[in-house]
Amino acid sequence: MAGIYIHIPFCRQACHYCNFHFSTSLKGKSDIVKAITKEIDHRHNYLNTTKLDTIYFGGGTPSILSGVELEYILSAIKKYYKYDLTAEITLEANPEDLTIEYLKQLKAIGINRLSIGVQSFFDEDLSFMNRSHDAKQAKVSIENALQLFQDISIDLIFSGQYSSVSNWNANLETALAFNAPHISSYSLTIEEGTVFGNWMEKNKIQPIEDDKQKDQFLQTIETLTKAGYEHYEISNYAKPKKYAKHNTNYWKNKPYLGLGPSAHSYNGESRQWNVSNNHNYLKSVLENKDYSTTEYLSEKDNYNEYILTSLRTMWGCDIKKISLYANQYQSHFETVKEKIIAKNLVVQNDNILSLTTEGKLFADQVAEELFFLN
C-alpha cells in the first residue's frame, strides 16, 4: 500500500509561525493545479504499486481550492491509481472555508477526512498567530463538518504567548466537547525566516519557555488520555483505531509520492523533494525539465530514519528490525539502549523499545543518541 501527498502552496495570509512553502498571491492557483496533474503524468511510476490507501491534500491551505479544482486533481490520480472506499482521503482546511455548501462539495468528490486548523479557541491566540479566522468561526466550522463527516481532526497549538494553563485546559475541553475522533496538538515553535523568528531577533517577543512547553505537553497527555484518546504519536491523539492513516504510514516508513512545489517523496530506496518555488516548479513541469532533487538512502540512512520515526509512536522501535542491519548498527543500538533505559527515557517490553512519558519530552534527543553517525 502507498499514499500520495499533494502540496497546495497558497494561503490567504501568512501565519506568524509558519515556515512551510506557500504564497499569499493566488494569481497562479489554476496554473499550479494543472501543473500538479501534469506531474502525476510524469511521476506516477515512482511508486511500485497502482493501489493507494491514502491521499492527503496539505499545504499551505488546500481548502483554498474549489471542489472543481480538487476533483480535477483526483481525476488525474485515478488515471494511474486505484483506491476503494476504505482509502483515507484527507483535506487540511481552515475554519473560514468550511461552509455547509463547500463541505457538501468535498463529500461529493470523495474527500472523507478533514484536518481542521483551529489552533486555538481564543481570539487573542489567533490574532497573535495571525490566523485568518476567529474563535467563533473555529467552533462553527467543526459543527458544520460534523454534520457531514465522521472523520475529522482538530489541530491545536500550545505554549504561545497567551496560552496559560487555564486557557490551554479550556482549549482541550472545548475540543473534547465536540467528540472528534482525532486531535493533533503541537507546541508553538519559532523558526528562522518567519515573522516570529524576526520578532525574536528584534526582542519583540521572547523565546518559548521550556517549562511552559513541558507543563502544557504533559497537561495534554493527561487530559486527552483520561478522555479515552490514545497518544499514538508525539503530537497526535486518537480514539481507538481512529489514527490518521496517511501520517501513520510516514512513521511506519511506507512509500508515498509527493506532488506540488516543495513536496517530498519516499519509496524505500530514495527521497525526492520538489523545488520550493511556485514559478520555477510551474516552468519546469510545463517544459518537462527536472524540478526535484533525489537522495539515495544508505543502510545508515535507513537505520537512522527507522529510529527517528518509530520512537515517535506508541508502537515503538522493533528490536527484531534492528537485527536486520549490519553488526555495527546492532552493537551501537544495544550499547546506547541500556544507557537510556537507565535514564528512564525508554522502556523495553519484549522486543519493543518505546519512550516513557519523560522520554517523550526529549524524543529528538533520544533518537539522536541512538543514531549511528560514523
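Values as computed for the structure displayed
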{"item": "Cα gyration tensor category, rounded, prolate or oblate, for the stretch 75-156 with a/c compared to 1.5", "result": "prolate"}
{"item": "Accessible surface of K320 - all protein chains present, 1.4 Å probe, nearest 10 Å²", "result": "130 Å²"}
{"item": "Surface accessible to a 1.4 Å probe, R312 within the full protein complex, Å²", "result": "60 Å²"}
{"item": "Cut-off under 5 Å, modelled amide H: who pairs with Y186 long-range", "result": "L156, I157, F158"}
{"item": "Accessible-area ranking of C317, C15, largest first, probe 1.4 Å", "result": "C15, C317"}
{"item": "Under the Karplus curve 6.51 cos²θ - 1.76 cosθ + 1.60, θ = phi - 60°, whole-Hz ³J(HN,Hα) for the stretch 266-282, x wherever Gly or Pro sits", "result": "8, 10, x, 9, 8, 10, 10, 9, 7, 4, 9, 8, 4, 5, 5, 4, 4"}
{"item": "Whole-angstrom gap from the stretch 205-236 to the stretch 270-288, using each part's C-alpha centre", "result": "37 Å"}
{"item": "Reachable aspartates and glutamates from K214, criterion Cα separation under 12 angstrom, eight or more residues apart if same chain", "result": "E358"}
{"item": "Gyration tensor verdict on the stretch 178-247 (Cα atoms; rounded if a/c is under 1.5, prolate if a/b is larger than b/c, oblate otherwise)", "result": "prolate"}
{"item": "For the stretch 226-361: rounded, prolate or oblate by the Cα gyration tensor [a/c cutoff 1.5]", "result": "oblate"}
{"item": "Members of K300/K339; K51/K241; K107/K241; K226/K343; K27/K242; K78/K139 lying beyond 30 Å, as alpha-carbon distances in this model show", "result": "K27/K242; K78/K139"}
{"item": "Span per principal axis, largest first, for the Cα atoms of the chain (Å)", "result": "55, 49, 46"}
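The values are calculated or read from the model by the stated rules, or taken from the named source; none is laboratory data. Being a predicted model, the structure only gives us computed values, none of them experimental. All accessible areas refer to the heavy atoms of the entire protein, side chains included, with ligands and DNA or RNA removed. Shrake-Rupley method; radii C 1.70, N 1.55, O 1.52, S 1.80 Å.
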